[in-house]
Amino acid sequence: MPHPGVPRDWFRNKDGMGLWEGRGKVVATGIGTSPTARRWDEKPETSMGAMTIIAIRKAIADAGISPDEIDGLVLTPDSTTGVSNDPNTPPPPGWEQHFKMASFPQAGITRGDIDWILLNMPELKNVKFMMNGAICMSVSFVAAAEAVARGLTQTCLVVRGWHNLAGRYYVGVGARALNTASGLGKYGTIWGMPACGTTAMVFEEYCRKYGKSHDQMANFVVTQRRNGLMNPDGFYSQHRPEMITVEDYLTARWIAKPANIYDNDLPIMAALAVVFTTPERARNHKQKPVYILSHGHTRPESQGVTPTLEQWEQSTDRMGRILYEGAGVGPDDLAFENMYDGFTLFHQFHLEGLRFAARGEKRGYALDLYETDISIEGPNPVSPSGGNNGNGRTRWWNHRDSILQLQGRSPSQIKKKAEIGVSGAPMPDACDALIWSATPPV
């Protein structure tokens, strides 16, 4: 059966909304992460659905609670941004021997599905609140936070799985794979431009305006890989534990100049589940609660086929204002930032919109900051999770790590005291973000 999406009035998307009414009333506790894989091998036991079940059971165990305490489930049904099957493609042979079938043939394969999860996890017998957070898990985090704050669920799972089928990533899918193109795709996607192409164009504009260069990205990208390799749950640490160097980055082949291969994240398979609950109920959970102070949402109207530098800067500036106003904190309160880095060349827009480690500057300072000590040992830890670039493409490593940092158990734990952090995804002009705190607000 279809489940509702997130009501529009749940999003904090404009200035002047004041402190978030749910501030400090929602916490994250247990986290579950599945194993990772580069691509699906067509076996039911290694499917995206199987990984999702693993992640959910690990999150519940990590929280130290019983499955029958779960009364809410918020899911991101979209499970890739690459190749996907036709929605009516039947499951592979043997699927029905491992899983019960939902009405949607691709449930558990190329699409997350609440009904499929409940059919195949009978221990989740008390789930009453169900909602889909479209496109990005960041939307699901916001939805779950609002649902708990509004008393619609007491102990809620936030879930997303990612699949990766055989085939070239982005190239040959969508409008490019059809005989005719319609909708927005007919303007910008029929020519086969790589996914990072738009980001590369805006980054080039950024460099011209502020007198920066692509070479200044090197330390950030190398640091991302270093942080990711510390994470035993990440793809690179599990399958490709090779460190990269500054020279590797500076001599890498171009994908869409000035974006090279290391500026692109690697598509993988993985799943994440997180337990959200109230501070009162968290007293009986095994893990330290991490408080949500605020969330923000930006979806500005498009000004053309591709975004502009001005659009990205205005949008990320707005995100910073919304987040800080709702949380009652400011840039100097952040111990770290874990904003999205799916293409490394737009990370600095998020960072500058938040004024992280700005030292009085407003724009054009981030690439200079990258050339300083941004490691987990340094004074300004940038993306300590390693993000997508250091762990593989999921759009949730950053959220996961923010919770772990504030619980004091991140595999890439920053050395300064972690009290408040921020995470968000995906794009500079289409983002959902949250501010997290190790302690309740006063």
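The values are calculated or read from the model by the stated rules, or taken from the named source; none is laboratory data. Note that this is a predicted model, so its numbers are computed, not measured. Here the Cβ positions follow ideal geometry from the backbone for every residue, glycine too, while neighbour counts run over all protein chains shown. Surface accessibility is based on the protein's heavy atoms, side chains included, excluding ligands, DNA and RNA. Shrake-Rupley method; radii C 1.70, N 1.55, O 1.52, S 1.80 Å.
Structure values in brief
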quantity	calculated
Check on THR29, part of a strand (DSSP E or B) and hydroxyl-bearing (Ser, Thr, Tyr)	yes
Pair list, Cβ < 8 Å and 6+ apart or interchain, from the range 344-373 residues that are farther than 15 Å from PRO384 by Cα to residues that are of a type in the set (Gly, Ala, Ser) and assigned to a loop (DSSP other than H, G, I, E, B)	GLU352/ALA358; GLU352/GLY364; GLY364/GLY211; TYR365/ALA358; LEU367/SER213
Options ARG12, ARG39: the member that is charged (D, E, K, R), touching a strand residue (DSSP E or B) at 6+ places or on another chain (Cβ under 9 Å) and open to solvent by less than 20 Å² (accessible area, probe 1.4 Å)	ARG12
Cross-chain or 6+ apart pairs with Cβ under 7 Å, the range 203-226 first and acidic (Asp, Glu), then at pLDDT 95 or above and in a helix (DSSP H, G or I)	GLU205/LEU309; ASP215/LEU250
In the range 121-158, residue nearest to ILE322 (Cα to Cα) [restricted to those that are open to solvent by 20 Å² or more (accessible area, probe 1.4 Å) and touching a His at 6+ places or on another chain (Cβ under 7 Å)]	ASN132
Unique residue being touching a residue at least 12 places away in the same chain (Cβ under 8 Å) and in contact with a His (Cβ under 6 Å, 6 or more places away or on another chain) when the list is ASP341, ASP401, ASP333	ASP341
Pair list, Cβ under 6 Å, 6 or more apart: the range 101-116 residue without any contact (Cβ under 8 Å) to a residue 24 or more places away in the chain and more than 11 Å from THR52 (Cα to Cα), other residue open to solvent by 40 Å² or more (accessible area, probe 1.4 Å) and assigned to a loop (DSSP other than H, G, I, E, B)	PRO105/ASN88; PRO105/PRO90; GLN106/ASN85; GLN106/PRO87
Elements of type strands (runs of 3 or more DSSP E) contained in the range 232-310, each with 2 or more residues being under 24 Å from the mean Cα position of the chain (by Cα) and crowded, with 21+ Cβ neighbours inside 10 Å	270-277, 290-298
Count - residues of the range 412-431 that are assigned to a loop (DSSP other than H, G, I, E, B) and either within 18 Å of the chain's Cα centre (by Cα) or among the small types (Gly, Ala, Ser) (or both)	4
Given (1) at pLDDT below 95; (2) crowded, with 19+ Cβ neighbours inside 10 Å, index of the condition TYR187 fails	(2)
